[in-house]
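Reading through the structure tokens given below for one structure.
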Amino acid sequence: MGVSQDMQERLDNLLRDYKVLAVYRCGSRLYNLEQDDSDLDYTVIVEEGEQPLILKDDGLDLFVYPKSYFRKLANFDKGIISYFAVWVDNFLLAKENLEFLDDSFKEEFESLINIDWDRHFYHWLAHVVEYFYLRVRFPETKCLYRSEE
């Protein structure tokens, strides 16, 4: 399992100050909602940091989560941002769309993506409702999967 040479170079360039623990595909292409101008979306988990980042590079969107924040998402801790919490449904497809996984992170990654949906479904749904409420209230901002554009 590994990323392409082009992707590796882009990751090295964009995330040179971070230790990358995992990379998996996410976003509109996984849900067959892509359009001709859709970006390639990836979730990237890094060792360091406190807050998530969104990095854009010529048709590539990286949703970069420090391990500590990714853990907060997986547990739906208070204070997580709804924009990022909405993406937790991508955890369901993370393993099948994995492109890189550091061996030292393998066990923790598998436990993190194994969301207890019986416990957290309503937390996730509340974030989805909040996210789409904001989308309706502020329609000029980019939607999550761009299916209505």
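I'd like the Karplus ³J(HN,Hα) series for segment 66-83: coefficients 6.51, -1.76, 1.60, θ = phi - 60°, whole numbers in Hz, and an x wherever there's a Gly or Pro.
For segment 66-83, the Karplus curve yields x, 3, 5, 6, 4, 4, 4, 4, 4, 9, 6, 4, 4, x, 6, 7, 4, 3 Hz.
Which order do the peptides 53-59, 15-21 take when ranked by the mean count of other beta-carbon atoms within 10 Å per residue, highest first?
Result, highest mean Cβ count within 10 Å first: 15-21, 53-59.
How many lysine pairs in the chain, separated by 8 or more positions in sequence or lying on different chains, have Cα atoms less than 18 Å apart?
Counting lysine pairs in the chain gives 8.
Gain in length, GLU130 to LYS78, computed as 0.36 nm per residue apart minus the alpha-carbon separation, to one decimal in nm?
Roughly 17.3 nm would be gained on extension.
For PHE70, what charge total do you get from the other residues with a beta carbon under 15 Å from its beta carbon, if Lys and Arg give +1 and Asp and Glu give -1?
On the way: positive: LYS19, LYS67, ARG71, LYS72, LYS95, LYS106; negative: GLU47, GLU48, GLU50, ASP77, ASP89, ASP102, GLU107, GLU108, GLU110.
Around PHE70, the surrounding residues sum to -3.
Averaged across orientations, what area in nm² does the convex hull of the alpha carbons in segment 1-126 project?
7.9
Could you work out the relative contact order of segment 1-111, using alpha carbon pairs under 8 angstrom and six or more residues apart, expressed as a whole percent?
It rounds to 30 percent for segment 1-111.
Quick one: pull the percent of accessible area on the chain belonging to carbon and sulfur, 1.4 Å probe, ligands and nucleic acids left out.
Roughly 50 percent of what the probe reaches on the chain is carbon or sulfur.
Using a 1.4 Å probe, what is the accessible area per residue for segment 28-149, in Å²?
Counting only protein heavy atoms, the per-residue value for segment 28-149 is 57 Å².
Which whole-Hz couplings ³J(HN,Hα) result when phi for each residue of segment 29-44 is put into the Karplus expression 6.51 cos²θ - 1.76 cosθ + 1.60, θ = phi - 60°, listed in order with x for Gly and Pro?
5, 6, 9, 6, 10, 6, 10, 4, 9, 5, 7, 7, 10, 9, 8, 10
Counting helices only, and only those DSSP H runs with n ≥ 4, report the 222 nm mean residue ellipticity of the chain as the sum of -39,500 (n - 2.57) divided by its residues, in deg cm²/dmol to the nearest 500.
Helices in the chain give a 222 nm mean residue ellipticity of -11000 deg cm²/dmol.
Per 0.36 nm of contour for each residue apart, how much would the distance between LEU93 and GLN51 grow if the chain were fully extended, relative to their Cα-Cα spacing?
Stretched out fully, the LEU93 to GLN51 stretch lengthens by 12.8 nm.
Once amide H atoms are placed 1.01 Å from N in the peptide plane, what residues at a sequence separation of 5 or more from LEU21, or on another chain, have their amide H within under 5 Å of its amide H?
Residues meeting the criterion, in which the H sits 1.01 Å from N, are ILE45, VAL46, GLU47.
Taking 7 Å along the Cα-to-C-beta vector as the label spot, tell me the ASP103-ASP37 distance in nanometres, rounded to one decimal.
It is 4.5 nm.
Once each part is reduced to its C-alpha centroid, what is the distance from segment 104-128 to segment 60-74 in angstrom?
12
The values are calculated or read from the model by the stated rules, or taken from the named source; none is laboratory data. Computed from a predicted structure; not experimentally measured. Cβ coordinates were reconstructed from backbone atoms using ideal geometry, including for glycine residues, and neighbour counts include every protein chain displayed. What goes into the accessible areas is simple: the full protein's heavy atoms, side chains included, and nothing from ligands, DNA or RNA. Shrake-Rupley method; radii C 1.70, N 1.55, O 1.52, S 1.80 Å.
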